[in-house]
Amino acid sequence: MRGLATLWLSTVSVVAAVAAGPAHAATSNVQVNAQVVKPLTVTWLQNLDLGTIALGTGAFSGAVVGISRAGVFTCPAALVCTGPTAVAKYNVTGTNGTTVRISAPNVTLVNQADNTQTLIMVVDSPGTVSLPNSGNKGVDFPLGGRITLSSTTAGGVYKGTFNVTVDY
Amino acid sequence: MRTLLRMTSVAATVAALAFTAAPAQAATPTSQATANARILKPLSITWNNTNLNFADIVLDTNPFTATVRVPFNGSPIVCPAPLTCSGTTSVASYNVKGTNNQLVHVSTPNVTMNRVGGGGSITVRLLAANNLAPSGVAGDVLLPNSGNSGVDVAIGGEFDLTEATPDGVYTGNFAVTADYM
């Protein structure tokens with residue numbers, strides 16, 4: 001940020017010097033604006049867990065199981081879901097009163113016993129978050145996710161990694 | 001004026017470049033969250049048409065207490081004196097199917113054998129196999145595959161006899177269940 005500020009000031013100086021040169025000079029006021037913000041940080045706090053999902057008997061498709069970013073777990077009748085579930089959580093810090101955009105693309109979950117078997121988890125993100133303070137405290141934000149299963153989905157443990165970035 | 005405008009234009013261009021070329025404010029965490037789900041195929045357990053059979057056991061008339069055991073691993077019947085055991089024994093067998101590499105517990109509660117014609121009963125303590133030897137709890141099995149093959153689980157048993165046990169034919173039925181652990 002220091003390098004950027006220096007360059008901006010030197011640029012203004014160049015304009016001022018040229019304008020002062022000619023005798024028949026005219027004056028034009030130009031507004032100069034700057035927004036100085038603290039560096040953004042984002043920190044992982046918690047993993048997302050969809051628990052254990054037992055497929056029901058018989059043929060079915062389009063069974064969506066997931067957890068919203070608010071923590072509401074959904075398990076359709078074709079499935080039996082057990083075990084603890086959790087949303088993912090991150091903490092973001094920056095400048096008080098600013099809005100931060102959250103980028104959280106879909107996550108590919110890979111079957112740990114057969115990496116040819118994958119599931120796409122659609123992420124439920126708040127999209128943006130407002131920073132209520134400056135500095136170390138920041139604000140936490142959750143991410144949910146949902147997957148679509150069918151009776152032909154391969155069993156096993158599926159894992160994937162988020163790719164979260166934040167930006168002013 | 002042309003010079004001034006040109007210079008101003010250059011300055012504005014420099015300023016614009018300075019802002020657009022400035023480092024983005026995007027931040028990424030040093031560690032990303034993971035997403036996890038354990039998906040299990042429907043579990044099934046099927047009787048393999050093999051019953052648990054203790055065959056023939058001859059009591060003694062003198063006072064005694066003895067435990068007869070049919071091991072789940074196919075070893076010969078354990079038949080302590082003063083009992084005499086004969087005939088062909090067998091273990092019960094079930095097939096369990098589910099998701100590869102998942103632990104399943106086969107629950108085998110005690111079963112009551114009733115004397116045919118009435119007049120007595122014997123409680124059999126079932127002894128389920130596990131394939132996690134040498135450690136592991138009875139009935140804990142690790143599924144070695146997904147789908148139709150499954151894994152067979154043998155179930156033996158044991159019961160206590162005394163000289164007072166009424167002789168006769170005893171029979172009972174299992175209530176075996178399997179569940180993911």
Query raised in the report: Hey, does the stretch B:9-19 have a residue that's at pLDDT below 90 and assigned to a loop (DSSP other than H, G, I, E, B)?
Result: no
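Determine whether A:G58 is within 25 Å of B:N145 (Cα to Cα) and facing another protein chain (nearest Cβ under 10 Å). Full working, then the answer.
Values: within 25 Å of B:N145 (Cα to Cα): yes; facing another protein chain (nearest Cβ under 10 Å): yes.
Yes.
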Query - Residue check, B:C79 free of Cβ contacts under 8 Å to residues at least 24 places away in the same chain and either closer than 17 Å to B:G156 by Cα or in contact with a Gly (Cβ under 6 Å, 6 or more places away or on another chain) (or both) - result: yes
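Quick check on A:S151: is it surrounded by 15 or more Cβ atoms within 10 Å (Cβ to Cβ) and at pLDDT below 95?
In short, yes.
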Query raised in the report: Looking at the stretch B:25-84, what strands (runs of 3 or more DSSP E) fall wholly within it and have at least 1 residues that are loosely packed, with under 15 Cβ neighbours inside 10 Å and out of contact with any Ser or Thr (no Cβ under 9 Å at 6 or more places or on another chain)?
Result: B:44-50, B:65-70
Query raised in the report: How about the stretch B:30-48: which of its residues are more than 7 Å from every other protein chain (Cβ to nearest Cβ) and in contact (Cβ under 8 Å) with a residue 40 or more places away in the chain?
Result: B:L43, B:S44, B:I45, B:T46, B:W47, B:N48
Query - Selection within the stretch A:30-84 - over 30 Å from A:Y168 (Cβ atoms), among the polar types (S, T, N, Q) and surrounded by fewer than 18 Cβ atoms within 10 Å (Cβ to Cβ) - result: A:T57, A:S61, A:T74, A:T82
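The values are calculated or read from the model by the stated rules, or taken from the named source; none is laboratory data. Predicted model only: the values in this text are computed from it and were never measured. As a convention, Cβ positions derive from the backbone with ideal geometry for all residues, glycine included, and neighbour counts pool all protein chains shown.
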